[in-house]
Structures are given as structure tokens and as C-alpha cells.
1. Quick check: pseudo-label points 7 Å beyond the Cα along Cα→Cβ at Tyr181 and Cys265, how many nm apart are they?
2. Give the residue from Asn342, Ile398, Pro354 lying farthest towards the positive end of the charge dipole for the range 327-403; charges sit on Cβ (+1 for Lys and Arg, -1 for Asp and Glu) and the dipole is referred to the Cα centre.
3. Could you report the range 327-403's accessible area per residue, 1.4 Å probe, as an integer in Å²?
4. Taking 0.36 nm per intervening residue step and subtracting the Cα-Cα distance, what contour gain separates Asp65 from Asp125 on full extension?
5. Round to the nearest 0.05 the FRET efficiency obtained for Glu117 and Asp246 when R0 = 35 Å and r is the Cβ-Cβ distance.
6. Would you mind checking the pairs Lys330/Lys376; Lys351/Lys403; Lys346/Lys402; Lys376/Lys402 and listing those with alpha carbons more than 18 angstrom apart?
7. Which part of the range 244-275 falls in the paramagnetic zone of Lys235, meaning amide N under 19 Å from the point 7 Å along Cα-to-beta-carbon?
8. Let me make sure I get this right: for the range 327-403, a, b and c are the square roots of the gyration tensor eigenvalues over alpha carbons, sorted descending. Under 1.5 in a/c it's rounded, otherwise prolate if a/b > b/c, else oblate. Which is it?
Amino acid sequence: MAPRALVVLGLLLGSAGYASALAGLKVDKYKDDATAIATHAKWHTKTRKLLQTDDDSVCYEGCFDAPNAQTDPLPVFLSGTTDGSPMSLLDCYTSALNANLTYFAIVDVTDCFGGNEMVQGWAPDSCPLDCIPESSALPPICGGVNKASVFSMGLCQYLGAPCAPEEPPPPPPPLTVDYCYDGCYVAADLDSDELSTTTSVAACQVANADGGSADLFGITSGDQCLALYSPPEEKVGDALCILPCDEGTPCGADGYIAVYTMGACPSPPPPPPSPPLPSPSSPPKQSPPPPVPFSPPPSPPEGEELAPPPEEVSNPPPPAGPARPVFRCKEGISLWGVFLPNTPVKLNPTKSHPVNQAHCEELCADNDACTGYYYKTTRWCFLMKEVYSFGKEYNTAIVACKKF
């Protein structure tokens, strides 16, 4: 970290020009402190929209005090002012955005640092937050000596916040013709054309009817729709096409394709005719033999008792455990839908992302009301009550999964 010293005269330089540079920016604050405290403990959560688009937003994570003068809050030094004037919030944000970093911090008033992990080892503290456009304080300072004002990219995440989609999902495409599932095949040496990316058999069928005009179509890897001009060579068991489509029918898997025919499945054959009734001229059936009279078992000799028959003990089979749900996942995006209550869940910051993602998936698998989840680099686990569709790509999103 740059040598830490009190900056007095230099903080007043450039203050007026900095304030006018930010005056036209749109700023949106999140002020629900009760929810913010429940989510971020002692940190005060606020949302900053630095530019005029919805995508350019940051979350104020709070003020933190350095454990010593030689420790940086984040690993990457991005920029610093040379005249002692306060670091511009917009300049620090732009440097972190250009470096594709998730977190950035204004340190010692004049320096800007960035990284992809939250600040570790620094104690929550309080310091000025006057570098935002709404502030009229001069000089416009964020942070302080041996202190850091920390921000993260995107809107703040807080408990109970519904994430409604920007627009409702499109209705499912209408069926033009019927289709019939033919089976699961190895997806190799296919005589095919790629039509679209979809998780719906109906949508793939419509795409084939409009563009492919093949007698067969198929879906592989869960969402790759193909027009098939000849049947695949090797048919395998249906269990290998493990990924489900929106309709619940197979959507193939990596290396396997679920094949469908254009047209309804053939009707089952009619049942065989009933045997003819016997004619009156048929010979009469023979009478059954008379019953054999019952003879009681011989009595035991005096002084002896018959031993009772051994009791048969049957062990009931052990109960079968519940089947684990299947998740279809995509990397680098989130989900559109409605959150479950008490979500998102903050996972262990000392654990790796694969371990925390597995824990997030286990939370969704064990909750019957959970229909999917997504996990971010900020270690938040979002459990969904309803999933409309996969969402946008974000640099903080690791994986999003639907449950089937």
C-alpha cells in the first residue's frame, strides 16, 4: 500500500471540479437498514448507480480499518491521484470495470485498489462517504487514512428481495404437428443441421417444421436442437439421455441425443379377439372326483406333547431412500424467478467456490419448495421458489441450475 499520511492541503485541490463531474450522475440508494444489517452485519448497504444505464450499478459494502499500515485491502493497485486530491468514485469504478474486477476500494482517500474476492482481515469501521454525487461536503472524501471504502459491482443483495424478470418469459410456441419420442442414441456422425438452442421439445419441433423440414429431429446436451435427415446409428438405453426437457421428456445429454419423429406415435394394435363360445353339441365336461374325507392326524402317545411348528420370521426390506433430483446448470448466468423466503444465504467465506456451490445445491435438493438456485463469486446462494428462465450473463455469476 502507498505510504499512509494525513492528506490536508491536497484534499481541497480539485474538489469543485470533481463535484461538477459527478453532479449529472444518477444515484439510487438502498435504505432498508434493518434488512441490510441482517444481511451485512455491521456494514451499511447502499446501492450506487454511477451511470445512466441499469447495468452500471455498484453496492457500497462498507468502511474497513486496516490491521496495519503495510496491508492492502485488495490485491490489485488500479490508480492513485498525484496531486493529493481525493480519488474520484467514478474513476475508481471505471478502472475496476476495465480490469473486469468484482470489488474495488478507495484507500487512504487517494488510492484505488481492486480484486475478485471480498476484503479479508480488515475490521468494520466508519468513515466519510462524501464522494457520492448527492454529497455537498467539501472535500468529497471516501475512506480515510488506513481505511478503505469498499464497493462491489452490481446491486446489493439483501434478504427477501424478489428478483422479477425485466420482461415476462415468452409463451411456449404453438404445436404445428404432433411428435413422437423414438429413443436415445449416441450423438456421433449425425446427418444433421443445427436449428436452435432450446430446452423445449415443442420449440425444437416448430424450428424443424419451419427450417429443417426433416422427418426426424433431436435434442442433445440438454438444449441443442438438430434436424436429423437420417436416423443415428447406435441406439442406447433411455437412462443415458438423463437431461429432461421442459415437457418432462428426454433432452439428451453430453454425447447422447434424444430423437423424435415428426408425427403422432402410432396407435397400439387392437386386442386379440375373444375365444369362441363352446357350441351346444360339445361333449359335456366330466364331473370332478368326489372329495377325499378328512382324516385327523394321529394323537401323540400319552405323556408326550407335539412341538409347535417354528414361527416364520420375515425381515421387511429396508425402505428405499428418496431419489435425488436432477439439476440442469449453465455457467456465468443467474435465474429469473421468485426467491424462496429467507434467501439468499451467505455461505462460508473460507471455503472454495466448488465446496460452496455443492452446499448451495444440497440446500435446494433438500427443500421440496426449491425449483432451482444460482451461486455467485460473492458466496451468496440464491434459492428459487419459481424459475421463469435462465437470466443474463454477469461477471460475478458462477453457475445457475434448474431442478427437475
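1. 0.8
2. Toward the positive end, the furthest listed residue is Ile398.
3. Heavy-atom SASA per residue in the range 327-403 reads 45 Å².
4. Working: separation 60, 0.36 × 60 = 21.60 nm, distance 0.58 nm.
Gain on extension, Asp65 to Asp125, equals 21.0 nm.
5. Working from the Cβ atoms, E equals 0.45.
6. From Lys330/Lys376; Lys351/Lys403; Lys346/Lys402; Lys376/Lys402, over 18 Å: Lys351/Lys403; Lys346/Lys402.
7. Those under the cut-off are 249-253, 256-269.
8. Here the range 327-403 falls in the oblate category.
The values are calculated or read from the model by the stated rules, or taken from the named source; none is laboratory data. Note that the structure is predicted; figures quoted are calculated from it, not measured. In this analysis, Cβ positions are derived from the backbone assuming ideal geometry, glycine residues included, and neighbour counts consider all displayed protein chains. Heads up: the accessible areas ignore ligands, DNA and RNA and are worked out on the full protein's heavy atoms, side chains in. Shrake-Rupley method; radii C 1.70, N 1.55, O 1.52, S 1.80 Å.
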